[in-house]
1. What is the gain in length, in nm to one decimal, between A267 and A53 on full extension, counting 0.36 nm per residue of separation less the C-alpha to C-alpha distance?
2. When the helix-only estimate is applied to the chain (DSSP H runs of n ≥ 4, each -39,500 (n - 2.57), divided by the residue count), what is the mean residue ellipticity at 222 nm, nearest 500 deg cm²/dmol?
3. Could you name the aspartates and glutamates whose alpha carbon sits less than 18 Å from that of K268, not counting residues in the same chain fewer than 8 places away?
4. Please report, largest first and rounded to whole Å, the three semi-axes of the ellipsoid equivalent to the stretch 161-275, where each semi-axis is the square root of five times an eigenvalue of the C-alpha gyration tensor.
5. Over the chain, average the accessible area per residue using a 1.4 Å probe and give it in Å², no decimals.
6. What three numbers, in Å, describe the spread of the alpha carbons of the chain along their principal axes, ordered from the longest?
7. Along the Cα→Cβ direction, 7 angstrom out, place labels at A79 and S160. What is the inter-label distance in nm?
8. What's the local net charge at G241, with K and R +1, D and E -1, over the other residues with C-beta under 15 Å away?
Amino acid sequence: MKRTLWLMMAMGVTVLGMLLGLQSRLIFYPERLPADFDFELQPGAEERIIETADGQRISALHYRAPAPSGVVLYFHGNAGSLRSWKAVAADIVPLGYDVFIVDYRGFGKSSGRITEAGLYEDGRAAYGALLALGYAGEDVILYGRSIGSGVATQLATEVSARALVLESPFTRLLDVAREQMPWALPQLTLRFHFNNAEKLAGVELPVLLLHGSRDELIGPHHSRALAGVLEERANLVIVEGGGHNDLPEFERYGQALHAFLSGLSAAKRSGASPL
C-alpha cells in the first residue's frame, strides 16, 4: 500500500514537472522563419529589426497609410509568424493608420526564448522603435489580439498612448487555463500570468473590446468582465457568430474598428480628449 502511494506521488510530481517544463509549448505555437525569408511586401511597407533591452533582435513589419492619423502597434496571437499575421494590415491601413507588427522572441525571424517577461520587453522595444521613427505617444494605438492582449495591456500601464484595442482578450491566463485544462492544475503549474483584469484597473485610456459570441477558446464573458473593470472607458462589442480566429471576416468587426479609430482621429483633430 505504501509503495503504491509513493509511486502515485512520484508520478504526480513527474507530471507536474513535465507541465512546468513543457508549458511554453502548450501555450505558444511559433512558426520559425529563416533569416533570409522574403515577406514579399508591397510598396510602402518595410521590414525592420529592433533591439530589445535584453539583447534580442525582434522582427517587425511597418506599413504606412496616406496621411495617417496615427499608428497601430499590433501584438498578435500565440501561433504563427509575421508571414501570416501581416494580413492584418489590410484591415487597418485603409482606416487611415500606419501599422507596426512585431514577431515576439522565438517567433519568425526573432531571436530568443519565449517568456512572459521577455514578451513585455519585446513590446517596450517596439514602442521605443516607433518613437525613434518620429511618432509621438499620442499617435500610438496599442492593439493586442488574444495572448497579445497581455502584451498590449502591460504596455498600456507603462507608456503614453492614444487608446487600446483588445481583440479576443482574457481576464488572466489562469482563468483560461482553468476553463480549458483544469486537469493540468494550472493554479500550481502556470508560469505565464498576463493578468489583464488587474492591470486594466489602472489604465486611463479608452479601450475597445472586440469578442466573438462563439469564441470556443476564450469565451466572451472575459471581455464582459474586463468591461466591468474599465467601466466608462470600455467600448464593448460582441460580434454575433464570431469565433476566436475569424472576427475580421464579420462586417460588425470592421464597423466597430472603423467607428472607434475614426472617433479617435476626429478627437485628435479637434484637440478633444479621446475619453
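1. Additional length available on full extension: 73.6 nm.
2. -11000 deg cm²/dmol
3. D98, E138, D139, E204
4. 28, 18, 9
5. Normalised by residue count, the accessible surface of the chain is 47 Å².
6. That gives 76, 44, 32 Å along the principal axes, largest extent first.
7. Calculated label separation equals 4.0 nm.
8. -4
The values are calculated or read from the model by the stated rules, or taken from the named source; none is laboratory data. Computed from a prediction, not measured in an experiment: that's the story for all the values here. With ideal geometry, Cβ positions are generated from the backbone for all residues, glycine too; neighbour counts draw on all protein chains shown. For accessibility, only protein heavy atoms count, side chains too; no ligands or nucleic acids. Shrake-Rupley method; radii C 1.70, N 1.55, O 1.52, S 1.80 Å.
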